[in-house]
Amino acid sequence: LNGYEAWVEYRRTGFPLLKPVQASKNNGLYPVRMPYPQEESTLNVDNYNAAATATNNNSINTKVWWNN
């Protein structure tokens, strides 16, 4: 598995049980969504800006629609 696949698999199954990382740059929280790639902000400006607005400035902590 690559990193993205492993993250999706963890989100889908909740397995394995993970321990919070104290030195996390995300205050010990697990990301609930992947951010849009930075290149989208230059290649797809209007849609990127709309999505960034809807996701609290492209935050990895903003839940996706099926988790709300």
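On full extension of the chain, what length is gained from Leu18 through Asn67, given 0.36 nm per residue of separation minus the C-alpha to C-alpha distance?
15.7 nm
Out of Thr42, Thr13, Thr55, whose Cα points farthest toward the positive end of the dipole of the chain (charges: +1 Lys, Arg; -1 Asp, Glu; placed on Cβ)?
Going by the Cα projections, it comes out as Thr13.
Return the FRET efficiency for the residue pair Ala6, Val45: r is the Cβ-Cβ distance, R0 is 30 Å, and the value is rounded to the nearest 0.05.
With a Förster radius of 30 Å, E is 0.45.
What 222 nm value per residue comes from the helices of the chain, counting each DSSP H run with n ≥ 4 as -39,500 (n - 2.57) and dividing by all residues, nearest 500 deg cm²/dmol?
-10000 deg cm²/dmol
To the nearest 20 debye, what charge dipole does the chain have about its Cα centre, counting +1 at the Cβ of each Lys and Arg and -1 at the Cβ of each Asp and Glu?
The dipole magnitude comes to about 380 debye.
On the Cα set of the chain, report Rg and Dmax in Å, please.
Rg, Dmax (Cα atoms, Å): 13.8, 39.
Values in this text are rule-based calculations from the coordinates and carry no lab data. Keep in mind it's a predicted model, so treat the numbers as computed, not measured. For neighbour counting, all protein chains shown are included, and Cβ atoms are generated from backbone atoms with ideal geometry for every residue, glycine included.
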